[in-house]
Amino acid sequence: MTLPALPFAASFMHPLMMFGLLAAGGYSMFLGIKAKKVRTGTPEQRKALLPGKFAQRHYRWGSLILAVMVTGMIGGMAVTYINNGKLFVGPHLLVGLAMTGMIALAASLAPFMQQGNVIARKAHVGLNMGTLTLFLWQAVSGMEIVNKIWVNR
């Protein structure tokens, strides 16, 4: 059974979502840095930063990023499969799967961090910094894929 091809524009939903997600990841990192400053800063710094509710905002943005990452990954794979009858197993797909696993692991550490576990906090930061670094590479490799789709339309 073959599936009918999705409209050409559907091929660009995944890249648009992912660029938005990359920007959201940068913003969430900013919020996380501010939240750390609330925990570790001087009493004056903490007092000035507390009204910003950076930890709560970081947590909310992180939850949104996890949800969009998972749905965007599944959506990108679905559009590729529907339009081509197969997935192209290569670095872009494999790194995307790894990133989704990394961000899920980072999110799962939140309860431990709330209990003050320093190792969980360091692992959370490391996983998310690794994810953002891979995300920058994904943007480049993804644009190569978008270019191929555009040229072969």
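Evaluating V38 against the criteria (1) without any contact (Cβ under 8 Å) to a residue 24 or more places away in the chain; (2) closer than 16 Å to L127 by Cβ leaves one unmet condition, (2).
Hey, any hits in the stretch 53-69 for a residue that's charged (D, E, K, R) and modelled with pLDDT under 95? No, there is no match, as no residue in the stretch 53-69 is charged (D, E, K, R) and modelled with pLDDT under 95.
The condition of being under 24 Å from L6 (Cβ atoms) and modelled with pLDDT under 95 holds for V79. Residues in the stretch 38-63 that are in contact with a helix residue (DSSP H, G or I) (Cβ under 8 Å, 6 or more places away or on another chain), hydroxyl-bearing (S, T, Y) and open to solvent by less than 80 Å² (accessible area, probe 1.4 Å): S63 only. Going by what's in this entry, would K34 be described as touching a Leu at 6+ places or on another chain (Cβ under 9 Å) and more than 19 Å from G20 (Cβ to Cβ)? Yes. The set of residues from the stretch 99-119 being open to solvent by less than 50 Å² (accessible area, probe 1.4 Å) and of a type in the set (A, V, I, L, M, F, W, C) comprises M99, M102, I103, A104, A106, A107, L109, A110, M113.
Of the helices (runs of 4 or more DSSP H) lying entirely inside the stretch 49-133, those containing at least 3 residues that are within 30 Å of A9 (Cβ to Cβ) are 54-84, 91-108. The sole residue among L94, L66 that is more than 20 Å from G26 (Cα to Cα), open to solvent by 30 Å² or more (accessible area, probe 1.4 Å) and aliphatic (A, V, I, L, M) is L94.
So for the stretch 70-82 (the condition being under 15 Å from H124 (Cβ atoms) and open to solvent by less than 80 Å² (accessible area, probe 1.4 Å)), does at least one residue qualify?
Taking the stretch 70-82 and keeping what is under 15 Å from H124 (Cβ atoms), we get none.
No, that holds for no residue.
Within the stretch 1-17, the residues that satisfy the criterion of being open to solvent by less than 80 Å² (accessible area, probe 1.4 Å) and in a helix (DSSP H, G or I) are A9, A10, S11, F12, H14, P15, M17.
Taken over the stretch 134-153, the criterion of being open to solvent by 50 Å² or more (accessible area, probe 1.4 Å) and either assigned to a helix (DSSP H, G or I) or among the hydroxyl-bearing types (S, T, Y) (or both) is satisfied by L134, L136, W137, V140, M143, E144, I145, N147, K148, I149, W150, V151. The residues listed here are G20, G32; of these, the one that is loosely packed, with under 14 Cβ neighbours inside 10 Å and part of a helix (DSSP H, G or I) is G20.
If you go through the stretch 104-153 and keep only what is more than 14 Å from the chain's Cα centre (by Cα) and polar (S, T, N, Q), you end up with S108, Q114, Q115, N117, S141, N147, N152.
The values are calculated or read from the model by the stated rules, or taken from the named source; none is laboratory data. Predicted model, so just to flag it, every value in this text is computed and none were measured. Backbone-built Cβ (ideal geometry, glycine too); neighbour counts: all protein chains shown. Heads up: the accessible areas ignore ligands, DNA and RNA and are worked out on the full protein's heavy atoms, side chains in. Shrake-Rupley method; radii C 1.70, N 1.55, O 1.52, S 1.80 Å.
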